[in-house]
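These notes concern the structure reproduced below.
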Amino acid sequence: MESGALQPSLYTVKAIFILDNDGNRLLSKYYDPELYPSMKEQKNFEKNVFNKTHKTDNEITFLEGMTIVYKSSIDLFFYVVGSAQENELMLMAVLNCLFESLNQILRKNVERRSLLDNMDGVFLVVDEIVDGGVILESDPQQVVEKVNFKFVSEQAFGFVLFDYITGNTEGQGQSQLL
């Protein structure tokens, strides 16, 4: 066996970032600390990627030894970055899952303002899809269900705890009648 052959790895995603139509960062997660260790290097890379992709209709590009898949929507650009040897279809599955999940979470209003208004949900979506560069989920429906469960359970726990502390038993009698 060749010593130069690359070993298979679960760490397929190097970075995910979302830029607005001016190339400004709205969200970014870099999973390889050696890739671009400083904020300045990350922003420079994002600017180079944006300059290369914002006027094209392609879905994939290669830059600085990285495979980059991307998609635009209204005033946003979504990017998923992998190594040069990475399978483009795997990266595209992550990108499509991210976009479709956000499309459902944001009620088909995937634009800058709604993204910024729901940034906590956007981060949850990204974290449900990729963790530490490892792809966890590629089905948008599963991601949306997990994210909605987290939102609902956190809110429900807060109400139950508040009712317990205050001694409020109003809602408990009604639920027994149903």
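The values are calculated or read from the model by the stated rules, or taken from the named source; none is laboratory data. The shown structure was predicted, so the numbers you read here are calculated from the model rather than taken from an experiment. Cβ placement follows ideal geometry from the backbone for every residue including glycine, while neighbour counts extend to all protein chains displayed. Heads up: the accessible areas ignore ligands, DNA and RNA and are worked out on the full protein's heavy atoms, side chains in. Shrake-Rupley method; radii C 1.70, N 1.55, O 1.52, S 1.80 Å.
Brief remarks follow.
- For region 13-157, the per residue solvent-accessible surface stands at 52 Å², with DNA, RNA and ligands left out and a 1.4 Å probe.
- Listed peptides 114-121, 97-104, 64-71 appear in the order 97-104, 64-71, 114-121 once ranked by packing, highest mean of other Cβ atoms within 10 Å at the front.
- For region 17-36 versus region 40-116, the inter-centroid distance based on Cα atoms is 9 Å.
- Simple rule: put +1 on each Lys or Arg Cβ and -1 on each Asp or Glu Cβ in region 39-146, find the dipole, and look at Val126, Leu76, Val144; the Cα lying farthest toward the positive end is Leu76.
- Rolling a 1.4 Å probe over the protein heavy atoms of region 48-87, with every protein chain left in place, gives an accessible area that is 46 percent carbon and sulfur.
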